[in-house]
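What follows is calculated from the coordinates using simple rules that are stated; it is not laboratory data. A quick note: this is a predicted structure, and the numbers were derived from the prediction, not measured. Using ideal geometry, Cβ is built from the backbone for each residue, glycine included, and neighbour counts are taken over all protein chains shown.
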Number of protein chains: 2
Amino acid sequence: MTAIRAGLDVGGTKIEALALTADGRIAARTRIPTGWGDDGVVAAVHDAIAALAAEGGFPVSDVASIGIGIPGLVDAERGRVLHAVNLGVAELDLAAAVRARLAVPVAVENDVKAAAVGAGSLRGDAHSMAYLNLGTGVAAGIVIDGRLWRGARGTAGEVGHLSVDPEGRVCGCGQRGCIETFCGGGAVSKAWGRGGALPILDIFDRAEQGDPLAIELRAGVAYGAASAVRALVLGADVETVVLGGGVTALGDRLLDDLRRRLRAEAASSAFIGSLRLEDRVELLPPGSPAAALGAALVGASQPTPPSRPASASVPVASNTPEGALHG
Amino acid sequence: MTAIRAGLDVGGTKIEALALTADGRIAARTRIPTGWGDDGVVAAVHDAIAALAAEGGFPVSDVASIGIGIPGLVDAERGRVLHAVNLGVAELDLAAAVRARLAVPVAVENDVKAAAVGAGSLRGDAHSMAYLNLGTGVAAGIVIDGRLWRGARGTAGEVGHLSVDPEGRVCGCGQRGCIETFCGGGAVSKAWGRGGALPILDIFDRAEQGDPLAIELRAGVAYGAASAVRALVLGADVETVVLGGGVTALGDRLLDDLRRRLRAEAASSAFIGSLRLEDRVELLPPGSPAAALGAALVGASQPTPPSRPASASVPVASNTPEGALHG
């Protein structure tokens, strides 16, 4: 019998699920549609576990732990989810609800923080890094000395809502000129206003054709991402910033823009130049199951009740055995 | 014989020195003019130790350790100072030079980081805090779980050089709109351009009299300080931000402006509002010897050579016995 550590990345449209063996090999991956509302999300989590077992050819009883990454405010200690608006969840005791049908340890973590844990494991170096998610919104998770760092109140890495332009566009959060207004997929698509299946790709293409709005928005993406990198390095001083999320589907076009922007800033400031920021950014490899893997690792390391809740942290596997991504 | 832990805050014009007893009582405090250049700084450190001994009525041989807080880039592990431009020091093995005449452990730390350690000790709570120094320049030191946090390359807390306005004034560092251009004493005085002994006080007074430039600069101070607080809370998620440095000589006038600005931002953004930033800022009490005390504590806890230099940290006394400030 294998002890399977299941990891789920619950998104607004789909759940990515992954089964990790005790020796760190990925035994199965699958993807199912997500649910809506409290009951829908809980049912979808159970469906995902069943689908994962079917995919991996193991009984559900082999699942020894479940980790769930989910958007929204998460009380990791209590396994509670708050304000997961994309899922129709206002307040849900997710861990307890899942445990009611499956008697295994269940951990819940914010999806970006889970992805940070997974990205650290995938890199094989989680000494000092941030995972910066450029998705619909923008947020980062920070991993220091192999541990997820939640900060005093769980907002560590929420750089998306740092304002970097007092005259900038109004953000969904109510402030003006937040980093997210520059490089969040949702805000950029809204500013573009022309619809399309992949507005961010469209913007990059049209910018190359000389469209003035596209050029402005594309430059803004690099400015916003560079601002986030600066905030993470000058605030938390992480060694490396790994970028992921939907916007990074642009791949090297995005990374090249970002590095060009960082080099331009370095050229105008010896201090910024000394930080060598352009060498400290990298992209999460496309298709990396960072969030589901991180969730599995978080689930596998159920913390003993910490004496000081606010600083509770989760150990990160510093290495995933080779082949883990191809299991 | 008492084991005295000497702490020195070496500034551009003066050295503040402090003698801490083994039980954490401040046995003496003194202040002497600072020196210029490598030899001048080393000589002034020795003069400060001698003055401290005279003030406290103990022989110099009672000094069991020396901690030195100094502006500039500090390689704390090697006790080296780089680019302390205000002191005419380009590169100095300060710890070794002091030890050449006094055979005791000598630690060197960046002055703002030393002040963070001291501020944490003075508060009696160094669980999760930043010390934000609004001096000629702007920088912060971060203390987490009782330990000074240097980050991967020693830039943790350097929020003064985060740009928060792409159209802002050019900073000494070469960027535009850095936080320091808004609330650093040097940049604000330069923008004011009217000289005077205490330009920042003058600006606040003139603003009350309706001077348009003074009103703009005063609002900028609050904006810059609020931006720094946001960066520290959203990046590192410290529980508390303690403000100190020359600009905070304005006392409640500054703190009231800052809190008003933070409340206005909270009113326009539920997310920012949920952080309750206005309750998480406080001023270092006037006259608090945070930097010299922090230096003494850093000196008293000479680290054993860390296995991973970049994450070396210094334990912070979580409590200074009552009366420590009045010894």
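In the stretch A:124-283, Cα pairs under 8 Å separated by at least six residues give a relative contact order of 22 percent. When restricted to Cα atoms, the stretch B:1-144 yields an Rg and a Dmax of 14.5, 41 Å, respectively.
Using a cut-off of 12 Å between beta-carbons, work out the net charge of the residues near residue B:71 (Lys and Arg +1, Asp and Glu -1, residue B:71 not included).
On the way: positive: B:113; negative: B:9, B:109, B:111.
Charge balance in the 12 Å sphere: -2.
Close Lys pairs in the protein assembly as shown, defined as Cα atoms under 27 Å apart and 8 or more places apart or on different chains, number 6. Candidates A:197, A:74, A:300 compared by Cα position along the dipole of chain A: farthest toward the positive end lies A:74, with charges placed on Cβ. Anisotropy class assigned to the stretch A:78-151 is oblate, per the alpha carbon gyration tensor with a/c at or over the 1.5 cut-off and a/b no larger than b/c. Nearest-to-axis residue in chain A, judged by Cβ distance to the rotation axis that brings A onto B and given in whole Å, is A:235, 1.
When both bridge partners sit in the stretch A:124-283, DSSP labels roughly 60% of those beta bridges antiparallel. Charges were assigned to the Cβ only: +1 to each Lys and Arg, -1 to each Asp and Glu. The resulting dipole of the protein assembly as shown about its Cα centre is roughly 120 debye. Between the C-alpha center of the stretch B:148-170 and that of the stretch A:56-111 there is a gap of 37 Å. Each copy carries residue B:268; placing its label point 7 Å along the C-beta direction from Cα gives inter-copy distances of 2.3 nm, listed from smallest up.
Remark: label point of residue A:78 defined 7 Å out from Cα along the Cα-Cβ vector; separations to the same position in other copies 5.1 nm, ascending.
Rounded to the nearest 20, the size of the Cβ-charge dipole of the stretch B:117-283 about its Cα centre is 300 debye, with Lys and Arg at +1 and Asp and Glu at -1. Over chain B, Cα pairs under 8 Å with separation of 6+ residues give a relative contact order of 22 percent.
Per residue of A:225-231, what is the mean number of Cβ atoms on other protein chains within 10 angstrom of that residue's Cβ?
Details: counts 0, 1, 4, 1, 0, 7, 8.
Mean partner-chain Cβ count within 10 Å for A:225-231: 3.
Report, for the protein assembly as shown, the % of DSSP beta bridges that are antiparallel, rounded to 5.
Details: 64 of 102 bridges.
If we restrict to bridges inside the protein assembly as shown, about 65 percent are antiparallel.
Each residue, residue A:14 and residue B:23, gets one label point 7 Å from its Cα in the Cβ direction; the gap between the two is 6.8 nm. Projecting the Cα atoms of A:217, A:151, A:228 onto the charge dipole of the stretch A:134-246 (Cβ charges, centred on the Cα centre) puts A:151 farthest toward the positive pole. For chain B, what does the alpha-carbon gyration tensor say about shape, rounded, prolate or oblate, given a ≥ b ≥ c as the root eigenvalues, a/c under 1.5 as rounded, and a/b over b/c as prolate? Note, shape of chain B comes out prolate. The largest-to-smallest principal axis extents of the Cα set in the stretch B:117-283 are 44, 34, 32 Å.
Highest mean packing comes first when the peptides A:228-235, B:252-259, A:70-77 are listed by Cβ atoms within 10 Å, giving A:228-235, A:70-77, B:252-259. Kirkwood's formula applied to the C-alpha pairs of the protein assembly as shown gives a hydrodynamic radius of 25.9 angstrom.
Can you give the mean number of other chain Cβ atoms that lie within 10 Å of the Cβ atoms in peptide A:162-175? Walk me through the intermediate numbers first.
Details: counts 8, 10, 8, 7, 8, 3, 2, 0, 2, 3, 2, 6, 9, 7.
Average neighbour count from other chains, rounded to a whole number: 5.
Between B:298, B:238, B:143, the GNM of chain B built on Cα springs shorter than 10 angstrom shows B:238 fluctuating the most. Counting Cβ atoms of other protein chains within 10 Å of each residue's Cβ and taking the mean over peptide A:266-273 gives 5. Each of B:42, B:81 has some number of other Cβ atoms within 10 Å of its Cβ, and from fewest to most they run B:42, B:81.
Treat every Asp and Glu Cβ in chain B as -1 and every Lys and Arg Cβ as +1, leave all other atoms uncharged, and give the resulting dipole magnitude about the Cα centre to the nearest 20 debye. Let's see the in-between values first.
Details: 29 positive and 35 negative charges, 54 e Å.
Dipole magnitude for chain B comes out near 260 debye.
Annotation for residue B:251, label-to-label distances across the other copies: 6.3 nm (shortest first, one decimal, point 7 Å from Cα along Cα→Cβ). Return the whole-Å distance between the Cα centroid of the stretch B:189-227 and the Cα centroid of the stretch A:33-53. The stretch B:189-227 and the stretch A:33-53 have Cα centres separated by 58 Å.
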